[in-house]
1. Which number in (1) surrounded by 14 or more Cβ atoms within 10 Å (Cβ to Cβ); (2) at pLDDT below 85; (3) among the β-branched types (Val, Ile, Thr) marks the one condition that Thr1 misses?
2. Sort out for me the strands (runs of 3 or more DSSP E) sitting completely within region 263-341 that have 1 or more residues that are small (Gly, Ala, Ser) and buried (at least 16 other Cβ atoms within 10 Å of the Cβ).
3. Would you confirm, using the coordinates I've provided, whether Gly257 is at pLDDT 85 or above, buried (at least 21 other Cβ atoms within 10 Å of the Cβ), closer than 19 Å to Val314 by Cβ and in contact with a Lys or Arg (Cβ under 7 Å, 6 or more places away or on another chain)?
4. Do we find that Ser147 is in a strand (DSSP E or B), at pLDDT 85 or above and either charged (D, E, K, R) or surrounded by fewer than 16 Cβ atoms within 10 Å (Cβ to Cβ) (or both) in this structure?
5. Of all residues in region 342-360 being charged (D, E, K, R) and more than 23 Å from the chain's Cα centre (by Cα), which is most open to solvent (accessible area, probe 1.4 Å)?
6. So which residues in region 19-34 are open to solvent by 50 Å² or more (accessible area, probe 1.4 Å) and either of a type in the set (Val, Ile, Thr) or modelled with pLDDT of 85 or more (or both), if there are any at all?
7. Can you pull out the residues in region 254-304 that are β-branched (Val, Ile, Thr) and farther than 21 Å from His66 by Cβ?
8. Can you tell which of Gly72, Gly16 is out of contact with any strand residue (DSSP E or B) (no Cβ under 8 Å at 6 or more places or on another chain), closer than 30 Å to Pro157 by Cα and not aliphatic (A, V, I, L, M)?
Amino acid sequence: TSTVASTERGRDYLKGTFAAAVISTLLDIRITLALSLALAMMAVIMVLFLFLATRGVGKAALEQNHIRGFKGDRLSTTVALGHGRLGWTSISASSAIAGVEEARATIQDGKVTLPFETRYAGRFRGLRLRLEFSDPLQLYSKVHEISYEDFTFDVLPLSLLRPPSARKAAMLTLGEEPAGAPGMGQELFNIDEYQPFSDTKNIIWKRVARSADQSLFIRIRESNVPSVIRVGLLDAVRRDERLGWVDLFCEGVGLLGKELIDLGCRLEVSYGSPSGLTVCQVSDLKDLAEALLSFSSSASDARFADQLIDQSDVVVTGLREVEEPDIARTLSRKPSMLVHERASPMYIGERSVVFSGRESI
């Protein structure tokens, strides 16, 4: 869309021109009347100039339809105005993406650079661009508002950048894949000397019998982890402050998923959407990032809550979901991570942890 209006300076100019024309007509001052006509003609020329100079600007091309970065990065995209008559005009630009803060735009050589500050993790769609042009005398301004519906802005959570923590797989004993850490599985991980706290059933008596000094050696078993862990992302209520909650949610799932991937597990990340239950296969951090971005851009849907919880090994949801008695009762039987928010949960199970951004996953 585009609109043309006179500026404050233009309104004063037109008032002065009209007053001069009236006075010169009443007093029959021909030279002043000629000057008034010249000023009026200049105003008309400026309008025509503004229309001709900005013709075709409404088709300004967005050079990058998809930008991606981590939270806190300063990212930008560029719009090419692509018109040769803009040199005499004054141009200002501003843009808007829901949930993203805009920094000051710069214009050079017919291109508008739109920088953005990324405060929240998630996927944001759509860009609104506002261009304001003024003629050389600053009498009129023409505003072009352009929408780019196919623009996508992906902001990744910082948890994906954190170094892996020390492996704590000793408690994971049921699974198909070796975890590369000591535990209570069936496979041999290492052999070590017997310590007073060691379990006697792990003593390797054949090794002791062959030892010259009959030193005691024990068998250290390896932990096993499941080859696939199903992680359900449950977003079943509407939130007024959704941006901050989704940001914290993505940080928590990023930490959890990164730990499981580092253990050698593959993930099946599932969430409900208006089109049904979506399942994402995750084998590395790139897949995990894409799953989180897809979840963040989907609308909340409570229809699949029971099915999602039942099919998941681990459930990630918010405290407000646990305000619902049915969800709280079903969720209490599952390991879960509850993202912190203002809520009064009905019940938090013993296998649940509340995540506020500082807890160890």
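1. Condition not satisfied by Thr1: (1).
2. Numbers: elements: 266-273, 276-282, 314-318, 336-339.
The qualifying strands (runs of 3 or more DSSP E) are 266-273, 314-318, 336-339.
3. On the way: at pLDDT 85 or above: yes; buried (at least 21 other Cβ atoms within 10 Å of the Cβ): yes; closer than 19 Å to Val314 by Cβ: yes; in contact with a Lys or Arg (Cβ under 7 Å, 6 or more places away or on another chain): no.
It is false that Gly257 is at pLDDT 85 or above, buried (at least 21 other Cβ atoms within 10 Å of the Cβ), closer than 19 Å to Val314 by Cβ and in contact with a Lys or Arg (Cβ under 7 Å, 6 or more places away or on another chain).
4. On the way: in a strand (DSSP E or B): yes; at pLDDT 85 or above: yes; either charged (D, E, K, R) or surrounded by fewer than 16 Cβ atoms within 10 Å (Cβ to Cβ) (or both): yes.
Here the answer is yes, as Ser147 does meet what is asked.
5. Here is the first cut: in region 342-360, the ones charged (D, E, K, R) are 342, 350-351, 358-359.
Imposing the further condition that a residue be more than 23 Å from the chain's Cα centre (by Cα) reduces the set to 350-351.
On the way: Glu350: 180, Arg351: 141 Å².
That would be Glu350.
6. Within region 19-34, the first condition is being open to solvent by 50 Å² or more (accessible area, probe 1.4 Å), and the residues that meet it are 22-23, 25-31, 33-34.
Result: Val22, Ile23, Thr25, Ile29, Ile31, Ala34.
7. The first filter runs over region 254-304 and keeps only residues β-branched (Val, Ile, Thr), leaving 261, 269, 278-279, 282.
Once the filter is applied, which keeps residues that are β-branched (Val, Ile, Thr) and farther than 21 Å from His66 by Cβ, region 254-304 yields Ile261, Val269, Val279.
8. Details: Gly16 fails: closer than 30 Å to Pro157 by Cα.
Criteria check complete, one pass: Gly72.
The values are calculated or read from the model by the stated rules, or taken from the named source; none is laboratory data. What you see is a predicted model; the values in this text were computed from it and never measured. Every residue, glycine among them, receives a Cβ derived from its backbone with ideal geometry; neighbour counts consider all protein chains shown. Just the protein is used for accessible areas: all its heavy atoms, side chains included, with ligands, DNA and RNA removed. Shrake-Rupley method; radii C 1.70, N 1.55, O 1.52, S 1.80 Å.
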